[in-house]
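The structure appears right after this line, and notes come after that.
Every read-out reported here was derived from the displayed coordinates using simple, explicitly stated rules and does not represent laboratory data. Every value quoted in this text rests on a predicted model; they were computed, and no experiment measured them. FYI the Cβ positions are ideal-geometry reconstructions off the backbone, even for glycines, and counts take in every protein chain you see.
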Amino acid sequence: MPTVDLFFFDAAERETVGAAMRAVEATSPEDAAVLLANLIRLSQTAAVVRDSPPIASSLPGRTSRPSFSSESLVDLLCRVPDYDFDLHIPTKAILGQAFLVAKINFFKALGYALDSVGGSREELDNELGQSIYSKLAEELFISIVSDPTALDEVKRAGARALFRIWDERLTTEIDDFAPFLESLWRARDKLRPVLGTMRGTAEMFRLIEETKDARVLDYFTEDVPSEQLQAFEEFLFGISHEEIERLRDHLVEQSVAVVSHEDARRLLGRHKESWVPTGGPQSFYSSYKRRRVRAAYRLLTNTPGPKKTAEEYVMTAFLLRGIAR
């Protein structure tokens, strides 16, 4: 099989992809040829990102100054609403986002091929998860920067984090710029909510245990506002604030102590397939997007419940701590 310069993968990714490609080629040369063609196209996309100039030096002047500085771009992005964000970010950022999605899709295709030949995909799934979490973290920072209610210094800190992601797309992943988020999401992925009394105590202790990060515990030792607690309830239970409240009302009305998953599905009119995500970064990414849409709707309509996702609340708190230091 022809070799491809895998400069856009780190050492672990190169080893994992190489082993997977050899396993597929040994059993299904046709599938391996298709994957190789995809890998070549991915390499070409990565080369475009690599050869793009740094963001701060690639933009023409929009003021009287000869060049558009990174701080000028910070100011611009902090004023842009989320629905208009894509048309204001640099071309290199757009190219990098396309590369990341193409990389995720390549890992998925390679995983399907491994399944067909009976190969192990544990290491590949780990790399796929890291790429999905990297995309999720980028979207989280975009939410912070485009949040009309956020403090200016928080938005600016989020914008600078985005610059690092955009300028170092091929060499930086979530464990480089937001390891706490990755540990939080991987811990939540292992957690299967009990529901029970709908207090979330068991789920929270399990999250802290799985995360093994003192910053999670530190966050909850402070006086956490009710909306932030509600956001974490959505994060832990995997259902919306409105559905959580409906189940709590049921406990009171029926004078029962606990609710099972079967009872909850029946009461909420949900099919098993649309119930709590079954697990995996892809499923959790979808969960985050749903929570983000609901939070934005509550903010727009001023209805009760969390106005941001749990991740946005906690990352905002961490950014504020960093600013204070």
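Dividing the summed -39500 (n - 2.57) terms of all DSSP H runs of n ≥ 4 by the residue count of the chain sets its mean residue ellipticity at 222 nm at -22000 deg cm²/dmol.
Close amide-amide hydrogen proximity is noted between Gly196 and Val259, each under 5 Å apart and 5 or more residues distant or on a separate chain (H modeled in the peptide plane; Pro and chain starts excluded). Note on Arg41 and Phe7: the model spin-label points, each 7 Å out from Cα along the C-beta direction, lie 2.2 nm apart. Segment 249-265 and segment 107-148 have their alpha-carbon centroids 36 Å apart.
In the chain, Rg over Rh equals 1.01, where Rg is the alpha-carbon radius of gyration and Rh the Kirkwood radius from pairwise Cα distances. Mean separation of Cα pairs under 8 Å and 6 or more residues apart, divided by the residue count, gives the chain a relative contact order of 17 percent.
Along its first, second and third principal axes, ordered by size, segment 179-324 spans 48, 34, 29 Å in Cα coordinates.
Can you tell me the length gained on complete extension of the stretch Glu15 to Arg248, counting 0.36 nm per residue apart and subtracting the Cα distance?
Gain in length upon complete extension: 79.0 nm.
Our estimate of slack between Tyr83 and Lys212, defined as 0.36 nm per intervening residue step minus the Cα-Cα distance, is 42.8 nm. Using a Gaussian network model of the chain in which every pair of alpha carbons under 10 angstrom is joined by a spring, one finds that among Ala11, Ala20, Ala32 the greatest mean-square fluctuation is at Ala11. Calculated FRET efficiency, His271 and Arg160, Cβ-Cβ r, R0 41 Å, to nearest 0.05? In this case the efficiency is close to 0.40. Whole-Hz Karplus values for segment 129-139 come out as x, 5, 5, 5, 5, 5, 5, 5, 5, 4, 5 Hz, taken residue by residue from phi with 6.51 cos²θ - 1.76 cosθ + 1.60 and θ = phi - 60°; glycine and proline positions read x. Peptides 113-124, 128-139 ranked from most to least packed by the mean count of surrounding Cβ atoms within 10 Å: 128-139, 113-124.
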